[in-house]
Amino acid sequence: MRSSGYLNGTARTQKPKFAPHGALVLEDKSRLSHSMIWNWMRAFYDQQGVGAWSNGIVPNFVTTNCCIAKMYAQVIFGYLNDVFSPAGIKQFGADPKEPMYIMELGAGHGKFSFLLLKQMMRLKEFFPKTESKYPFKFIMTDFTENNIVFWRNHPSLQPFIKMGIVDFAKFDAEHDVEIQLIVSGKRLNKHTVKNPMVLVANYIFDTLRHEAFRINDGKLQEALITIESDRDAEPDLNDPGLIKRFRPKWTYKNVSHKDYFTGRQADLNPILERMVTRTALRKSSILIPVGGINCLRNLIELTSGRLFFLSGDKAYNHENEMKGLRDPHIAIHGSFSMMVNYDAVRRYFESKGGFSMHTPYQDGFKVAAFVLGTPKNVVRSARMAFLMALQTFGPDNFSTLQRSIKDMVPNPSLKLVLSLLRLSGYDSDVFYKFKQFLIDKVGHPYASEKIQQDVRKDIQEIYDCYYPLSKSKDVAFEIGRLFMSMKDYKSAMRFFVDSLRDCGEHHVTHYNLGLCHNYVGDFASALKSFNTSLEIKPDYHEAGEWSNRMAHKMNQAKGNVTGNK
């Protein structure tokens, strides 16, 4: 089912014309939320699918690593215990016969969902006791079918599907008011959802529709967008390639804060009014994430007013970050994004009796939790977890730390790199960044036997959290090389075989397999691997040399056997 309102339809179209300065005008003075740019956004992600991330078009490390997944898991686990505590069951009607739904909005490539599930299951010993096998069910959602097909077939998610704790749904964040689960076939609505819901959204609200305003000496002005192109013609106004070449121009029009929003969105007018009347905001530039709030409005209704919204984004947490008159900024990075006004989201939840928690710093990536329908005095474990996991050293701090060590420490100690890997929660991307350093330093004679044993444990943890996504980032192959440096050839072979499965045939992988077979004395398998390497790359000189060497060894062995006879 879909809600009514302008968000249902496509953007209005205007016949292109030329401006006096010669630019082609594709859209003239449009309300931002009605602009054609949002059609480009949807088309981009629909066409690119998982490739938007696996091909490195859209940056995503800060929201898809083990460290942030561990932080979020602690907060969600805290809320899970709050919901199913005796006080939670009594005060907001939690039903221990039913699971609590945890839903990721716009799960994209699915890696964060996988990491979060991994971290949640590490805590299973401490799950609250309910009448369900597991106290929660995780729902991965996106608006495009392409991503859902990818998740359903991804080998890393199969164990969770078999356990029955993950399901999938095609869900349009700006429109849908119900959720149709694909695996179970269950439809989630206000009649079937019995418990509060956790909604997770990272780098999502910055890509949903916005309205833009500025407040100039206490007067509210709407920002209207004009879209220009340098080309003489743009025959397809829905082409997502326009993202790379459009130029926005802005004009401003006085509007009333009392009745700007209408219909279901009228509940945003008091937020505008408060901003306009704030002395601190007499000259300021404001964005309202209307698409995101429309999603929240629908899910609040679906959950009967019991929603825990955990979100990370490029955002404004405080109103003083919006001071100053400036045009709205649209950041281009394959797709595009805008700053998210978490202060407006906070006011929206507070207007309905909720509360919020925020990371304290104004610079960098922000995380916030918005809570509705669960009294603050009951949400104790989640509030404590947010304080401990996110308010002192958050995802942005970790992202900066690992990048700085990589870029600014040319020769870090082995203990420093291992400490970083452990702090990361055994993240495979962090391992990949330091792979060559580890290969060079962990092997004999550089590392003691104790350190090598610790590294073996670390590597198993890293591989357990590995989510194959890009064939150009072959983690299994590099782990195989690391085990070769420790002269553990049997372990190395297992990872090279996984590399062939996950990232495809490669002449170097078969060559390394051949070396491992040779060192464990299996010359026939070594010869086969070297010859396979040569079939893929006939001019691979090293494989040719080793193939000849193996053939010679095998002939010698046959001669020895014959002589012995």
Positive-pole candidate from Asn195, Asn216, Leu482, dipole of the chain, charges at beta carbon: Asn195
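Per 0.36 nm of contour for each residue apart, how much would the distance between Ala551 and His333 grow if the chain were fully extended, relative to their Cα-Cα spacing? Numbers along the way, then the final one.
On the way: separation 218, 0.36 × 218 = 78.48 nm, distance 5.27 nm.
Separation in residues times 0.36 nm, less the Cα-Cα distance, equals 73.2 nm.
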Dipole check, the chain, charges on Cβ (K,R +1; D,E -1), about Cα centroid: among Cys503, Ala389, Thr141 the Cα furthest to the positive pole belongs to Ala389
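What size of dipole, in debye to the nearest 20, comes out for region 36-195 about its Cα centre when the only charges are +1 on Lys and Arg C-beta atoms and -1 on Asp and Glu C-beta atoms? Walk me through the intermediate numbers first.
Numbers: 18 positive and 14 negative charges, 119 e Å.
It works out to roughly 560 debye.
Where the only charges are on Cβ atoms (+1 Lys, Arg; -1 Asp, Glu), what is the dipole of the chain about its Cα centre, to the nearest 20 debye? Could the numbers behind the result be given before it?
Values: 74 positive and 58 negative charges, 202 e Å.
With Lys and Arg at +1 and Asp and Glu at -1, about 980 debye.
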For Ala315, which sequence-distant residues (separation of 5 or more, or a different chain) have an amide H within less than 5 Å of its own amide H, given hydrogens modelled in the peptide plane? Val340, Lys366
Helix 475-485 sits off the longest principal axis of the Cα atoms of the chain, rounded to the nearest 10 on a 0 to 90 degree scale, by 40 degrees
Provide the gained length on full extension for the span Lys473 to Leu181, in nm with one decimal, where the gain is 0.36 nm per separating residue minus the Cα-Cα distance. 101.9 nm
Vicinal HN-Hα couplings computed from phi for region 154-162 (Karplus, 6.51 cos²θ - 1.76 cosθ + 1.60; Hz; Gly/Pro x): 6, x, 5, 8, 4, x, 6, 5, 5
Under Karplus coefficients 6.51, -1.76 and 1.60, residue-wise ³J(HN,Hα) of region 513-518 in Hz, glycine/proline x: 4, x, 4, 5, 4, 4
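Would you kindly state how much longer the chain becomes between Thr400 and Trp250 on full extension, computed as 0.36 nm times their sequence separation minus their alpha carbon distance, in nm to one decimal?
Values: separation 150, 0.36 × 150 = 54.00 nm, distance 3.39 nm.
Extra length from Thr400 to Trp250 when fully extended: 50.6 nm.
If R₀ is 51 angstrom, what is the calculated FRET efficiency for the pair Asp232 and Glu535, using the beta carbon separation as r and rounding to 0.05? Could the numbers behind the result be given before it?
Numbers: r = 51 Å, r/R0 = 1.00.
Result of the calculation: an efficiency of 0.50.
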Excluding Phe18 itself, calculate the net charge of residues whose Cβ lies under 15 Å from the Cβ of Phe18, where each Lys or Arg counts +1 and each Asp or Glu counts -1. -1
Starting from the Cα of Met408, step 7 Å along the direction of its Cβ; do the same at Phe18; then give the gap between the two resulting points in nm. 5.2 nm
What residues from region 315-346 fall in the zone where the backbone N is under 20 Å from a label point 7 Å along the Cα-to-C-beta line of Asn146? 332-337
With every protein chain left in place, what is the accessible area of Tyr134 in Å² (1.4 Å probe, nearest 10)? 50 Å²
Taking the Cα of Thr192, stepping 7 Å toward and past its beta carbon, and measuring to each backbone N in region 97-111: which are under 16 Å? 98-103
Per-residue accessible area for Trp53 at 1.4 Å probe radius, Å² rounded to 10? 50 Å²
Within region 135-149, list the residues whose amide N lies under 15 Å from a label point set 7 Å along Cα→Cβ of Asp95. 136-137
In the chain, what percent of the accessible surface is made up of carbon and sulfur (1.4 Å probe, ligands and nucleic acids excluded)? 51 percent
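Eigenvalues of the Cα gyration tensor times 5, then square-rooted: what semi-axes does that give for region 421-500, in whole angstrom, largest first?
On the way: eigenvalues 70, 43, 23 Å².
Value: 19, 15, 11 Å, ordered largest first.
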If you place +1 on the Cβ of every Lys and Arg and -1 on the Cβ of every Asp and Glu, how big does the dipole about the Cα centre of region 126-181 come out, in debye to the nearest 20? 500 debye
Looking at Tyr348, Pro468, Ala233, which one has the Cα that reaches farthest to the positive end of the dipole of the chain (charges on Cβ: Lys, Arg +1; Asp, Glu -1)? Tyr348
Reported label for calculated Kirkwood radius over Cα pairs in Å given [x] 25.3; [y] 27.4; [z] 26.4: [z]
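The values are calculated or read from the model by the stated rules, or taken from the named source; none is laboratory data. Source: prediction; values computed, not measured. Glycine gets a Cβ as well: all are built from the backbone with ideal geometry, and neighbour counts include every protein chain shown. Side chains included, ligands, DNA and RNA excluded: accessible areas come from the protein's heavy atoms. Shrake-Rupley method; radii C 1.70, N 1.55, O 1.52, S 1.80 Å.
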